[in-house]
1. Kindly provide the set of residues from the stretch 422-444 that are in a strand (DSSP E or B), within 19 Å of E534 (Cα to Cα) and near the ligand (Cβ under 10 Å from one of its atoms), ordered by number.
2. Cβ-Cβ distance below 9 Å, separation of 6 or more or different chains: which pairs start in the stretch 433-452 with a residue that is over 15 Å from V473 (Cα atoms) and end on one that is of a type in the set (G, A, S) and surrounded by fewer than 19 Cβ atoms within 10 Å (Cβ to Cβ)?
3. Let me confirm something: among A290, A318, which residue is buried (at least 18 other Cβ atoms within 10 Å of the Cβ), within 12 Å of the ligand (Cβ to nearest atom) and farther than 19 Å from G198 by Cβ?
4. Keeping to the stretch 513-543, report how many residues are under 31 Å from the mean Cα position of the chain (by Cα) and modelled with pLDDT of 90 or more.
5. Considering only the stretch 212-282, give the helices (runs of 4 or more DSSP H) lying wholly within it that have at least 2 residues that are crowded, with 24+ Cβ neighbours inside 10 Å, on the phi < 0 side of the Ramachandran plot and within 17 Å of the chain's Cα centre (by Cα).
6. Condition check: of a type outside the set (S, T, Y), near the ligand (Cβ under 9 Å from one of its atoms) and open to solvent by less than 20 Å² (accessible area, probe 1.4 Å). Does G447 satisfy that?
7. Return yes when P204 is modelled with pLDDT under 95, on the phi < 0 side of the Ramachandran plot and either in contact with a helix residue (DSSP H, G or I) (Cβ under 8 Å, 6 or more places away or on another chain) or part of a helix (DSSP H, G or I) (or both) and no when it is not.
8. Report whether or not A35 is part of a loop (DSSP other than H, G, I, E, B) and more than 19 Å from Y397 (Cβ to Cβ).
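The values are calculated or read from the model by the stated rules, or taken from the named source; none is laboratory data. Please read all numbers here as calculations on a predicted model, not as lab measurements. With ideal geometry, Cβ positions are generated from the backbone for all residues, glycine too; neighbour counts draw on all protein chains shown. Heads up: the accessible areas ignore ligands, DNA and RNA and are worked out on the full protein's heavy atoms, side chains in. Shrake-Rupley method; radii C 1.70, N 1.55, O 1.52, S 1.80 Å.
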Amino acid sequence: MLAGCTPWPAEFADSYRRRGYWTGETLGAFLRDRAHRFAERTAVIGAGRRWSYAELDTRADRMAAGLARLGIGAGDRVVVQLPNRPEVFEVAFALMRLGALPVYALPAHRRAEISYLCSFTEAAALVVADTDAGFDYRELAEQVRAETGGPEHILVAGDTGGRAHMRTLEEVREGGGAGPGATAGPDPGEVAFLQLSGGTTGLPKLIPRTHDDYLYSVRASAEICALDTGTVYLAALPVVHNFPMSSPGFLGVFSAGGTVVLAPDPSPATCLAAIEAEGVTHTAVVPPVAMLWLDAADGGSQAHRDLTSLRVLQVGGAKFNAEAARRVRPTLGCTLQQVFGMAEGLVNYTRYDDPEEVVVTTQGRPISPDDEIRVVDSDGTEVAPGALGELQTRGPYTIRGYYRAPEHNAEAFTADGFYRTGDLVRTTPTGHIVVEGRAKDQINRGGEKIAPDEVENHLLAHPGVHDAAVVAVPDRFLGERTCAYVVPRGAGPARSELLAFLRERGLAAYKIPDRLELVDAFPATGVGKISRRELREAVRAAHAPAE
Ligand code: J2J
């Protein structure tokens, strides 16, 4: 396995193979197989284009050959920051066919995140769009280059705008010739790509997923979700996120021979129109987006839309409250499926034949009979069935360690290889999981994950900041918003100056605190050294309003 990754112990790997979970297929071969089976069917619709399975397959081959000519090969990391456009699939499959690893960045990421990803992974290339949603990603790439001295290649989906040191994806593809031909391809047990974790620490962690483990979760998800060649899946969220990638996401749709429709943004105006126009059957959103859709369809701006094709609305990424969940069927006329997943692995789904009450009040049950679930108290002792505790898990598609993070791994995984999810849950007698809260240092802002440490470190870089604590405050719409409490040094900076400072440091917009309060001091916390987590709790208790 790639250096810096933790393999499954041999006895587990053997058993996952024996039990037919790990089939020895690579993601590159997976697309080839689907291209044979579903050749002329439409694989993807987006940005004004429609590609068949055969076309996607040929493009991925050509792109792989072009990338190989640039010197990109097995084991190389390539940061991919692309919005929902068909090229994202072409590039991802091309890299994976070469055994090179896409490192998926979100379109919302900015200089701080992209520079870190490029440096930390020693990326050979960065792939960006030209512009999207009014933002110029080429300028971002230039800033990253200036800051980090890398990566060697900057590849642009669209137009380079005359920047001599950048290449368009089209140039790369056209330079590639017919394709790599019959290369042996990567080992299915190898890491296929790196996903970004939601993060609980100062710097984001990277999640290595193998061909074998990921494809198992994809095939099993497609089966649970009953996808077939008639499936039309609307990717409303950025497809580089684990949820729309694999739960069942675009890969699940490709597995079944269906069609992926790429939405440029998740707004009701864009997405409910796309559902009507393309006859969408399945889609996936985070809770705040679901609530916007419900309001728009329920006598709002999109009430005129014909949504009869829609069969399943998946909601996940953050807790969907039962009240909103109950509105889904009457308002949108489709089945709700709750999805509680994590890029580290474990994914839970409510099933289509679960009673309505289970669907609206639980976050589903695991994909696999071999997903091991343990609910423990703060000492790590298992709680009584049904009692509240922290969820730990291991299984055939849950990682055993983050990439290049031995110290963090010692904390995040137990000695026997369970991943400490940091989620506070209870299980029901039917094996469904209810997410009740969180034991980890993370803020879940409507599905977007924020590590308080990371934002605090940026605030502390300002000379006028003595101390900072970033905490979650409850929010009816997003579930949680962020509030930064700052103890200034001396006269200190103004709030607006601090917020501008964070933006100048190139932090993604969703991490910029929604509120920023200057306070004289943090509460006294008695004797002894306390953790940042305890400090945040004390600050929140002293200052934050209940709602
Ligand atoms: C409560 N909390 C949830 C839910 C995730 C499918 C769906 C989501 C993700 C994802 C994913 C939740 N109710 N329904 O990767 O494949 C919180 C938990 C979890 C963390 C993981 C997928 N669904 N969460 O959200 O890696 O705290 O993955 O540990 O972004 O989101 O975040 P992430």
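1. Taking the stretch 422-444 and keeping what is in a strand (DSSP E or B), we get 422-427, 433-438, 443-444.
With within 19 Å of E534 (Cα to Cα) added as a condition, the list becomes 422-424, 437-438, 443-444.
G422, D423, L424, G437, R438, N444, listed by residue number.
2. A439/S378; A439/G422; K440/G422
3. Working: A318 fails: farther than 19 Å from G198 by Cβ.
After applying the criteria, what remains is A290.
4. Result for the stretch 513-543: 6.
5. 242-246, 249-256
6. Values: of a type outside the set (S, T, Y): yes; near the ligand (Cβ under 9 Å from one of its atoms): yes; open to solvent by less than 20 Å² (accessible area, probe 1.4 Å): yes.
Yes; evaluated as a whole, the condition is true for this residue.
7. Working: modelled with pLDDT under 95: yes; on the phi < 0 side of the Ramachandran plot: yes; either in contact with a helix residue (DSSP H, G or I) (Cβ under 8 Å, 6 or more places away or on another chain) or part of a helix (DSSP H, G or I) (or both): yes.
Answer is yes for this residue.
8. On the way: part of a loop (DSSP other than H, G, I, E, B): no; more than 19 Å from Y397 (Cβ to Cβ): yes.
Here the answer is no, as A35 does not meet what is asked.
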